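A.B. asks: One structure, pasted below without further comment.
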Amino acid sequence: MTRKLFGTDGVRGEANSWPMTAEMALKLGAAAGRYFRNDASHGHRVVIGKDTRLSGYMLENALTAGLTSTGMNVLLLGPVPTPAIGYLTRSMRADMGIMISASHNPAKDNGIKFFGPDGFKLSDEAEAEIEAMVAGEIRLAQPQNIGRAKRIDDGVGRYVEYAKTTFPARGRLSGLKVVIDCANGASYKAAPEVLWELGCEVIPVGVSPDGRNINERCGSTHTEAAQAAVLANGADLGISLDGDADRVMIIDEKGRVADGDQIMALFAGRWAEQGRLRGGALVATVMSNLGLERFLTGRGLRLERTKVGDRYVVERMREGGFNLGGEQSGHIVMTDYATTGDGLMAGLQFLAAMAETGRKASELAQQFETVPQLLKNVRYAAGSDPLNAAPVQAAIAAAEARLDGNGRLLIRKSGTEPLIRVMAESENDALLHEVVDGIVATVEAAV
């Protein structure tokens, strides 16, 4: 079944433009409500969280109208991290969870992510069924069965208390100075509170959301703010989250950034030594650096690769019984603790490694030498398909031939923006730039 609404992480787009309109949100709410409310009984419930975007109010209200029209009772949590929705959907015995967020995208964008009653993101098949229902006739509830909606004030508090339980009970963090950059997003209350209650001296950055400044020159995609704060305050560590707090970048005391690959390498090595790494493998996407794969192989561990998207990582983890996975971009999935990427909990695990080993962040954050990797994006017009152009296909084939035995090439469409992503890896720097620049130029000519 072809999907037009759903991308790699729910439905996403520019606010007040298709598909991120109030009308479409209402239809999605009604379709999802009917999909999960498959019997005539009353009492079904859904939890809805959001980040700090101005358009969140509009989409929250529209979703609520659609959901209640099919008999779902709606619990509105306000701004909470995406992983909190996965946790609270299960702990509050909800039939489904919804997160309104465009993650690391700018404030003008927004998105809608759906979670099943198990707290995991929906499969492609479930999303396709909901999309088909949007296009058809949705059966509404009888007047006496229309749902109710109410605000829940303790959603953040519940998540804070749970997040603290994932930190080793024997460890306290008193004496550690930690910068936490919340990207003016969904974690602006929860993350500093968790760190402070665990004993840290907390230096908050990006905790003044105004509806328009989410991810603006801060957060995991703009780590300069956290890096500067670490150096200016002599901090031991920086934890830089994105707008919905499912991604993280780590900044050591020298101001250097460790991405998701380095963080996963640290966790995989430690968990393997402790007998905690299930299946002897780490699950990551095709974007993860070849250096990570070599690091794991050298320790008798495997790297299981998936297509891009943290939910594809999670699907493979569940299929194979693995408990650690993620993406280079900073999604760190630890299914012992959470059903999706959780930047704060990943930060806590990094702090646990520091506390347990007595080593500085700089000694833990660089686990392997990366193979030089170059990624460039080409924006294209909606509806066009430059990758099918004959000159582009010829350029890709020629590049693959040149890289054979000297690296690897990955060309893909973004699942969240109209971008062609051109990525290559090679220890031959000149070849790396020639290959990527050549394909980018050809794609740009075809756009």
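The values are calculated or read from the model by the stated rules, or taken from the named source; none is laboratory data. Computed from a predicted structure; not experimentally measured. Here the Cβ is made from the backbone with ideal geometry for all residues, glycine too, and neighbour counts use every protein chain on show. Accessible surface is based on the protein model in full, side chains and every heavy atom, while ligands, DNA and RNA are left aside. Shrake-Rupley method; radii C 1.70, N 1.55, O 1.52, S 1.80 Å.
A.B. asks: Any idea what diffusion coefficient region 158-294 gets from Stokes-Einstein, in µm²/s, Kirkwood Rh on alpha carbon pairs, 25 °C, 0.890 mPa s? Provide the component values of the computation, followed by the final result.
C.D. replies: Values: Rh = 15.9 Å.
In µm²/s, the coefficient is 155.
A.B. asks: Moving on to the next point. So what's region 227-347 giving for Cα Rg divided by 2.2 N^0.38 Å, two decimals?
C.D. replies: Details: Rg = 14.0 Å, N = 121, 2.2 N^0.38 = 13.6 Å.
Rg over 2.2 N^0.38 Å, computed on Cα atoms: 1.03.
A.B. asks: Could you give the accessible area per residue of the chain, probe 1.4 Å, as a whole number in Å²?
C.D. replies: For the chain, the solvent-accessible area averages 40 Å² per residue.
A.B. asks: Run the accessible area of the chain with a 1.4 Å probe and give the carbon-and-sulfur part as a rounded percent.
C.D. replies: That fraction is 49 percent.
A.B. asks: Let me ask you something else. Report ³J(HN,Hα) in whole Hz for each residue of region 315-325, in order, from the Karplus equation J = 6.51 cos²θ - 1.76 cosθ + 1.60 where θ = phi - 60°; Gly and Pro get x.
C.D. replies: Result, rounded to whole Hz: 4, 5, 4, 5, 5, x, x, 8, 10, 9, x.
A.B. asks: Taking amide H positions as placed 1.01 Å from N in the peptide plane, with prolines and chain starts having none, which residues 5 or more places from Asp181, or on another chain, fall under 5 Å of its amide H?
C.D. replies: Amide H to amide H, under 5 Å and 5 or more residues apart or across chains, Asp181 pairs with Val205, Ile239, Ser240, Leu241.
A.B. asks: Further question: Between Ala430 and Gln142, what length in nm is gained on full extension when 0.36 nm per residue of separation is reduced by their alpha carbon distance? Can you show the working numbers first?
C.D. replies: Values: separation 288, 0.36 × 288 = 103.68 nm, distance 6.69 nm.
Taking 0.36 nm per residue and subtracting the Cα distance, the gain is 97.0 nm.
A.B. asks: Continuing with this model, one more query. If amide hydrogens are placed 1.01 Å from N in the peptide plane, which non-local residues have theirs closer than 5 Å to the one on Val283?
C.D. replies: Glu304, Leu324, Gly325, Gly326
A.B. asks: Let me ask something additional. Expressed in whole Å with the largest first, what are the equivalent ellipsoid semi-axes of region 339-447 derived from the C-alpha gyration tensor as the square root of 5 times each eigenvalue?
C.D. replies: 36, 20, 9
A.B. asks: What is the extension gain from Lys360 to Ala228, computed as 0.36 nm multiplied by their sequence separation minus the C-alpha to C-alpha distance, in nm to one decimal?
C.D. replies: Working: separation 132, 0.36 × 132 = 47.52 nm, distance 1.81 nm.
That pair, Lys360 and Ala228, stretches by 45.7 nm at full extension.
A.B. asks: Tell me the Kirkwood radius of region 54-94: reciprocal of the mean inverse pair distance over distinct alpha-carbon atoms, in Å.
C.D. replies: Final number for the Kirkwood radius of region 54-94 is 11.3 Å.
A.B. asks: From the helices alone, meaning DSSP H stretches of at least four residues, give me the mean residue ellipticity at 222 nm for the chain, per-run term -39500 (n - 2.57), in deg cm²/dmol to the nearest 500.
C.D. replies: Calculated at 222 nm, the ellipticity per residue is -11500 deg cm²/dmol.
A.B. asks: Rounded to two decimal places and with Rh computed the Kirkwood way over Cα pairs, what is Rg over Rh for region 222-279?
C.D. replies: Numbers: Rg = 13.4 Å, Rh = 12.5 Å.
My calculation puts Rg/Rh at 1.08.
A.B. asks: Same structure, new question: Between Arg299 and Leu54, what's the calculated FRET efficiency when r is the beta-carbon distance and R0 is 51 Å? Round to 0.05. List each step's numbers first, then the result.
C.D. replies: On the way: r = 47 Å, r/R0 = 0.92.
Computed FRET efficiency for Arg299 and Leu54: 0.60.
A.B. asks: Under a no-solvent Debye model with one identical scatterer per Cα of the chain, what's log10 I(q)/I(0) at q = 0.10, 0.11 Å⁻¹?
C.D. replies: -0.72, -0.87
A.B. asks: Of the residues Ile98, Ile146, Ile239, which exhibits the maximal mean-square fluctuation in a Gaussian network model of the chain defined by a 10 Å Cα contact cut-off?
C.D. replies: With Cα springs under 10 Å in the chain, the top fluctuation among Ile98, Ile146, Ile239 is at Ile146.
A.B. asks: Can you give the translational diffusion coefficient of region 44-176 in µm²/s, computed by Stokes-Einstein from the Kirkwood radius over Cα pairs at 20 °C and 1.002 mPa s?
C.D. replies: For these conditions, the coefficient is 134 µm²/s.
A.B. asks: Something else: Under the Kirkwood approximation applied to all pairs of distinct alpha-carbon atoms, what is the hydrodynamic radius of region 87-141 in Å?
C.D. replies: After inverting the pairwise mean of 1/r, the radius is 12.8 Å.
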